[in-house]
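Values quoted throughout were computed directly from the atomic coordinates according to the rules given, and no laboratory measurement underlies them. These figures come from a predicted structure and were not determined experimentally. No Cβ is skipped: glycine too gets one built from the backbone with ideal geometry, and neighbour counts run over all protein chains shown.
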Amino acid sequence: MIRLQRETLAAHPTPPATPLEALAHVLAVFTDEPDEMVVITATTRIYPEAPWTGLRLGDLRRVLDDHAHALAERIRAWEHGATTLLPLERGAAKGAANLIDPEVPSA
């Protein structure tokens with residue numbers, strides 16, 4: 001197993017199950033890459049005013065920022081409701097949710 005595989009499995013033991021979780025997963029894997037990194041190209045040289053269309057990492061980060069709280073709450077609800085999770089998996093789910101949107105302790 002290569003280093004990237006080991007690190008990804010250690011940080012994310014289960015694959016994403018929803019589009020928002022997939023987005024969070026992609027951004028976590030590419031966390032050190034710049035916002036300008038192209039991740040999806042839609043067109044090239046079709047529009048004179050926009051020689052390239054698509055998505056960059058910065059675009060995806062902004063989308064996740066707009067939905068971070070809702071995604072974290074869905075992960076937390078899943079983690080609390082899942083009866084078959086091992087303690088390590090519960091910790092990973094809570095950790096993922098807190099990375100996306102830190103949980104504020106109740107006062």
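With the Cα gyration tensor of the stretch 3-100 giving a ≥ b ≥ c as the square roots of its eigenvalues, does the rule (a/c under 1.5 for rounded; else a/b larger than b/c for prolate; else oblate) give rounded, prolate or oblate? Prolate.
Each of Leu99, Ala17, Thr41 was scored by the projection of its Cα onto the charge dipole of the stretch 3-100, and the greatest displacement toward the positive side belongs to Ala17; charges sit on the C-beta of Lys, Arg, Asp and Glu.
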